[in-house]
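Every number in this text was worked out from the coordinates using simple rules, so none of it is lab data. In this text the structure is predicted, and so the values were computed from the model without any measurement. Glycine gets a Cβ as well: all are built from the backbone with ideal geometry, and neighbour counts include every protein chain shown.
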Amino acid sequence: MTIIYYYLFILTSSFFYFLNKKLGAFIVIFIVFFSLFYLVSGPPDYEGYKLDYESGYFSTSWPFFYTSSGITAEASYKIYSGFLKIVTDASFSGYLSLNFAICVFVFFFFTPFKGRRSKNINYLFWLFLLPVIIPTIFYFSPRSSISFFLVLAGFFLIMKGRGFSGRILMVFGSFFHFQFLPVVFFLFFCSFFLRGDLINRKRKLYSMLLVISLFLIVFLKFSTSLVGLLSGAFTMLPASDYLVTKIGYLNRAPEGIRITAILSLFVFPVLLYLLHSRQLKLTHRFEFEDSFRRNFLFLSTVVVLFGFCVNLAFFDQPHISGRLSRFSDYYSLGIVLPVSLLLFFSWRVVVLTAIILIFSAPVLYSTVYAIH
């Protein structure tokens with residue numbers, strides 16, 4: 001089965017959201033699980049990840065589970081794939097499906113949206129991820145999936161007021177794919193502003209965040225001149241050789257324009273502004289408690305601002321901006337966008353919007369679907 005069948009399956013299954021919210025989400029999740037099991041080789045990195053998984057072995061010394069593959073991936077991911085290979089002995093397609101199931105479990109276990117009305121956010125999250133995010137992180141780059149969902153789980157813990165465990169989980173998750181390290185560092189630092197009474201002093205809080213963002217833009221803009229310094233600073237981290245190699249890519253990235261950067265630079269900030277301007281309606285619509293609403297808005301602002309800063313600093317380097325802003329893009333598409341739409345429109349309109357995005361996916365994301 002090729003990626004075009006996945007597209008047809010998700011387009012068809014998305015209409016079940018009109019009949020029943022839970023049923024629609026269940027069918028979509030099942031379709032993705034099924035599709036990953038039957039998708040055949042296609043993406044450029046597919047064979048590399050397959051070889052990595054199939055060469056997994058058990059060792060009598062730490063870390064016990066590993067792989068003999070030479071794939072350029074983080075050690076944490078190799079341990080993860082080696083563990084699943086030895087424990088389950090599933091085929092690579094079975095591993096892709098199992099990895100998806102693990103990420104689904106992580107999301108629903110840690111999600112803070114568990115109220116009667118806020119549960120709708122969980123259902124729409126998967127619908128808005130269907131067109132491009134799911135095939136990208138579960139098929140093209142599976143190490144991105146477990147990393148993204150572990151970082152998201154830690155982010156959710158911070159949102160629920162469990163800052164210490166949330167920060168630990170975010171850092172742990174980023175070691176499965178280092179591209180999430182910059183946003184984790186940014187979130188790690190900014191999340192400390194939630195402590196004490198600062199969270200209640202809205203003007204001062206967001207003024208500080210604005211200043212930090214300006215510093216971030218300047219730092220990112222001149223990061224190409226600091227490659228040597230950054231490489232030396234990261235030598236203390238695990239798998240430093242691999243990380244230093246990635247940092248060196250700042251000076252080798254191709255130039256161009258990323259059309260979808262318009263989302264990070266304009267669309268998501270506007271949506272966030274609308275959420276801030278309708279705080280009381282946000283509380284009533286999703287039954288958010290005041291403390292959770294403040295955390296949700298502030299942390300969502302941090303994520304969207306990071307994506308804005310990255311895309312502004314690397315506007316002419318789409319490969320770098322696309323990689324560094326992935327968490328921001330994914331969170332904004334999966335959470336910020338559906339929350340904003342639900343705040344102003346009916347369920348059917350929101351679902352119809354998602355279906356339109358799915359329908360236009362082969363045109364918007366031609367590199368994913370490769371339809372010629």
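Quick notes on this one:
- Label separation (Met1 vs Phe108): 2.0 nm, computed from points 7 Å beyond Cα along the C-beta direction.
- Length-normalised contact order for region 82-186 - Cα pairs under 8 Å, 6+ apart - percent: 23 percent
- Rounded FRET efficiency, nearest 0.05, which uses the C-beta distance separating Thr283 from Val218 and R0 of 41 Å: 0.70
- Sites Lys202 and Ala101 - FRET efficiency at Förster radius 56 Å, r taken between beta-carbons, to 0.05: 0.90
- Between Thr67 and Tyr57, the built amide H atoms are under 5 Å apart, and every one of these is 5 or more places off in sequence or on another chain.
- Region 281-329 - charge dipole about Cα centre, Lys and Arg +1 at Cβ, Asp and Glu -1, debye rounded to 20: 40 debye
- When the listed pairs Lys119/Lys202; Lys50/Lys160; Lys21/Lys160; Lys78/Lys160 are checked against a 29 Å cut-off, the alpha-carbon distance exceeds it for Lys50/Lys160; Lys78/Lys160.
- Chain lengthening between Thr88 and Val349 when straightened (0.36 nm per residue, less Cα-Cα): 89.8 nm
- A Förster radius of 30 Å combined with the Cβ-Cβ distance from Ile262 to Leu11 puts the calculated FRET efficiency at roughly 0.80.
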